[in-house]
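Accompanying notes for the structure given below.
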Amino acid sequence: KTKDENIQVSLFSIPRDLAVDIPGFDIKKINSAYAYGESGDKNEGPLLAVKTVENFLNTTIPYYAVVDFQGFKQAVDHVGGIDINVETAFMDAAFPDEKDGYLPPLTFTTGQQTMNGERALQYVRSRHGDNNQGSDFARAGRQQRVLKALQNKVSNLKVLANLTLLNNLLTDFADHFRTNFEPIELRRLYSLTKEIHEENILSQTL
């Protein structure tokens with residue numbers, strides 16, 4: 001094996017409705033930690049979310065990265081979409097639109113398919129799918145598959161050598177991405193992970 005093939009990445013998902021102690025806010029759902037941190041003029045959503053998870057898992061998390069929905073969609077579109085193998089077909093008749101209503105029922109069929117940013121976001125956000133796809137665990141599995149697919153696509157495109165693509169992605173992230181990684185650390189992270197094969201990306205859910 002090469003040096004890169006010996007590197008492993010673990011994707012670890014925490015159910016959004018898990019009740020935990022959020023510092024300063026008592027026992028709440030874990031997904032509300034970010035919102036509480038952003039309340040008022042604090043602008044500390046990532047820090048409170050990190051602290052909450054650190055306390056709950058009794059570990060240290062040195063870095064964080066946050067991307068909003070729009071940034072995710074644009075990034076997927078700028079790499080030309082991602083290839084996803086939908087393992088379980090499902091329909092979601094209660095997916096929210098942007099006007100306090102719902103989209104027409106979304107349907108995902110089984111098989112390999114290329115998704116653009118909007119479709120990929122719908123796939124990972126769906127919370128009311130039939131066929132046992134409405135749970136936090138099913139959604140976490142879909143999210144992990146999409147992250148693997150995006151990592152694979154970015155690696156294949158050799159982003160650092162494609163100045164146009166790199167510029168587009170940096171523009172996406174400038175407005176929709178928050179992190180405490182320094183630029184040199186992000187470059188190092190990319191160099192460490194760009195050649196990782198999918199079988200070395202491990203997935204698990206709490």
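Partners of residue 148 within straight-line reach, counting aspartates and glutamates whose Cα lies under 13 Å from its Cα and excluding those fewer than 8 residues away in the same chain: 83, 195, 198, 199.
Between amide H atoms placed 1.01 Å from N, distances below 5 Å from residue 102 occur with 97, all of them 5 or more places distant or on a separate chain. Highest mean packing comes first when the peptides 28-36, 103-111 are listed by Cβ atoms within 10 Å, giving 28-36, 103-111. Summarising the amide proton neighbourhood of residue 203: residues at separation of 5 or more, or on other chains, whose placed amide H is nearer than 5 Å comprise 11. Each label point was placed 7 Å from the Cα along the Cα-to-Cβ direction; for residue 83 and residue 109 their separation is 1.9 nm. Taking a sphere under 11 Å around the Cβ of residue 128 and counting the other residues whose Cβ falls inside, with K and R at +1 and D and E at -1, yields a net charge of +1.
Every read-out reported here was derived from the displayed coordinates using simple, explicitly stated rules and does not represent laboratory data. What you see is a predicted model; the values in this text were computed from it and never measured. Quick reminder, even Gly has a Cβ in these numbers, built from the backbone with ideal geometry, and neighbours come from all protein chains shown.
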